[in-house]
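Contents: one structure, followed by commentary.
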Amino acid sequence: MSTSFDVIVIGAGPAGLTAATGAARAGLKVLCLDKLAPGGALINLAELHEVASADGGHADGPQIASQLTDEATEAGVELGFGEVVKLTGPGADVGPWTVETAEGEQHTGRAVVIATGLSKGTLGLAEEAEYDGRGLSHCASCDGPLYAGRPVVVAGTEGWAPREAAELQVVAGDVTMIGKPAASLPDGVHHLDGRIVALEGSDGLQFVVVETSCARKSIPASAVFVYVGQSPAAEFLPETLARDATGNIVVDEGGRTSAATVFAAGDVRAGARHYLADAIADGRRAGQAIVTALKTN
Ligand SMILES: Cc1cc2nc3c(=O)[nH]c(=O)nc-3n(C[C@H](O)[C@H](O)[C@H](O)COP(=O)(O)OP(=O)(O)OC[C@H]3O[C@@H](n4cnc5c(N)ncnc54)[C@H](O)[C@@H]3O)c2cc1C
């Protein structure tokens, strides 16, 4: 199957859905593709911080995801399922663009928005796959309750890790954060300045092995929640597209990349702060910039 669109948005998280809605409201034919259900990281965030909610409490991620999805479909965005594995143009940095999915579909677009966010974190250990779903998690609100009253470890002390640790502390027996000392860690949570070097356990996770500057310690843990080692989810991009040193996509103030008709928005772009409000603002900017770019072409 092959289909043509004005705009193809890759990633239906908050940045992608917002960009798609903006472009569709201006009358452009828009496809928004995701390898999972629409909503991105919001789907797993029952309690959002730094986001205003109508009742003054914590905003609800799935609820915002469903609002953004409804707005996109009402604007006429076609929501599609597919994992994008390749993006190519007829020449270096020139559209129209062909988007290929792992499911064997091809779509063409005059312009493309990359809004694929960040990959899940990794500890970089060979045994990680063995414990995935058997003690290794990336989501405190989804999996935390499975470890009620049991010791858990949080890998990472930066970004959203302290918030996730605070959420885990309400349900888990004992929470230890592993990583560099950070300015503010939740009260009552233990901290160890070191690096996780092994996971151990014969029937699910039982111990996390940590190397500090002076020792190697085995910490009893029924689960490890990983918030380190994330990278931009953009392996499918042409090598010519400009990236920063850590692989984030470099954009101008309108979200345009080094290719004139490819835009990037949200956590995947260089300099992103990784907040929901920023992802939505990025999506809005990219949507507007695309409309201008396609109307002048
Ligand atoms: C644990 C955690 C807690 C957080 N807590 C908060 C908070 O309390 N408050 C706050 O403001 N922010 C919070 N954030 C940050 C916020 O969720 C992100 O900044 C925001 O979701 C980024 O939106 P995005 O659209 O750029 O990416 P994402 O939400 O990550 O969406 C990217 C989408 O792209 C899809 N995708 C990826 N690769 C492909 C591909 N090859 N093909 C097709 N689809 C693909 C993914 O499936 C996903 O749906 C948190 C983030 C995390 C991880």
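Consider D34 carefully, then state whether it is closer than 29 Å to P162 by Cα, buried (at least 17 other Cβ atoms within 10 Å of the Cβ) and of a type outside the set (S, T, Y). It would help to see each step written out before you state the result.
Numbers: closer than 29 Å to P162 by Cα: yes; buried (at least 17 other Cβ atoms within 10 Å of the Cβ): yes; of a type outside the set (S, T, Y): yes.
When the stated conditions are applied, D34 passes them.
Take the residues in the range 105-149 that are part of a strand (DSSP E or B) and under 24 Å from S231 (Cβ atoms), then tell me which one is most open to solvent (accessible area, probe 1.4 Å). Before the answer, list the steps.
Residues of the range 105-149 that are part of a strand (DSSP E or B), as a first pass: 106-114, 118, 132, 136-137, 148.
Of the ones still in play, those that are also under 24 Å from S231 (Cβ atoms) are 112-114, 118, 132, 136-137.
On the way: V112: 0, V113: 2, I114: 0, L118: 49, D132: 95, L136: 11, S137: 5 Å².
Among residues in the range 105-149 that are part of a strand (DSSP E or B) and under 24 Å from S231 (Cβ atoms), the one most open to solvent (accessible area, probe 1.4 Å) is D132.
When you scan the range 211-219, do you find a residue that is more than 23 Å from A270 (Cβ to Cβ), part of a strand (DSSP E or B) and of a type in the set (S, T, Y), even just one? Break it down into steps so the answer makes sense when it comes.
Pass one, the range 211-219, residues more than 23 Å from A270 (Cβ to Cβ): 211-219.
With part of a strand (DSSP E or B) added as a condition, the list becomes 211, 216-219.
From the residues that got through so far, the ones that are of a type in the set (S, T, Y) too are 218.
Checking the range 211-219: at least one residue is more than 23 Å from A270 (Cβ to Cβ), part of a strand (DSSP E or B) and of a type in the set (S, T, Y).
Where residues in the range 145-157 are free of Cβ contacts under 8 Å to residues at least 40 places away in the same chain and at negative phi, which of them is farthest from the ligand (Cβ to nearest atom)? Spell out how you get there, then give the answer.
First pass over the range 145-157, keeping only residues free of Cβ contacts under 8 Å to residues at least 40 places away in the same chain: 145, 148-149, 157.
Now narrow it down to the ones that are at negative phi: 145, 148, 157.
Details: P145: 16, A148: 20, T157: 14 Å.
Result: A148.
Do you know which residues across the range 249-272 are more than 11 Å from the ligand (Cβ to nearest atom), of a type outside the set (V, I, T), part of a loop (DSSP other than H, G, I, E, B) and touching a helix residue (DSSP H, G or I) at 6+ places or on another chain (Cβ under 9 Å)?
D252, E253, G254, G255, A260 - these are the residues of the range 249-272 that are more than 11 Å from the ligand (Cβ to nearest atom), of a type outside the set (V, I, T), part of a loop (DSSP other than H, G, I, E, B) and touching a helix residue (DSSP H, G or I) at 6+ places or on another chain (Cβ under 9 Å).
Does P90 meet the test of being without any contact (Cβ under 8 Å) to a residue 24 or more places away in the chain, open to solvent by 50 Å² or more (accessible area, probe 1.4 Å) and within 20 Å of D267 (Cβ to Cβ)?
Values: without any contact (Cβ under 8 Å) to a residue 24 or more places away in the chain: yes; open to solvent by 50 Å² or more (accessible area, probe 1.4 Å): yes; within 20 Å of D267 (Cβ to Cβ): no.
So P90 does not fit the description; no.
Within the range 150-207, which residues are closer than 14 Å to P220 by Cα, at pLDDT below 95 and open to solvent by less than 30 Å² (accessible area, probe 1.4 Å)?
Answer for the range 150-207, where residues must be closer than 14 Å to P220 by Cα, at pLDDT below 95 and open to solvent by less than 30 Å² (accessible area, probe 1.4 Å): A172, G204.
How do the strands (runs of 3 or more DSSP E) wholly within the range 1-99 filter down when requiring 2 or more residues that are more than 14 Å from the ligand (Cβ to nearest atom): which remain?
On the way: elements: 2-10, 30-34, 78-81, 84-88.
The strands (runs of 3 or more DSSP E) meeting that bar are 2-10.
The values are calculated or read from the model by the stated rules, or taken from the named source; none is laboratory data. On a predicted model such as this, the values are computed, not experimentally measured, just so you know. Cβ coordinates were reconstructed from backbone atoms using ideal geometry, including for glycine residues, and neighbour counts include every protein chain displayed. Remember, those area values only see protein heavy atoms, side chains included, never the ligands or the DNA or RNA. Shrake-Rupley method; radii C 1.70, N 1.55, O 1.52, S 1.80 Å.
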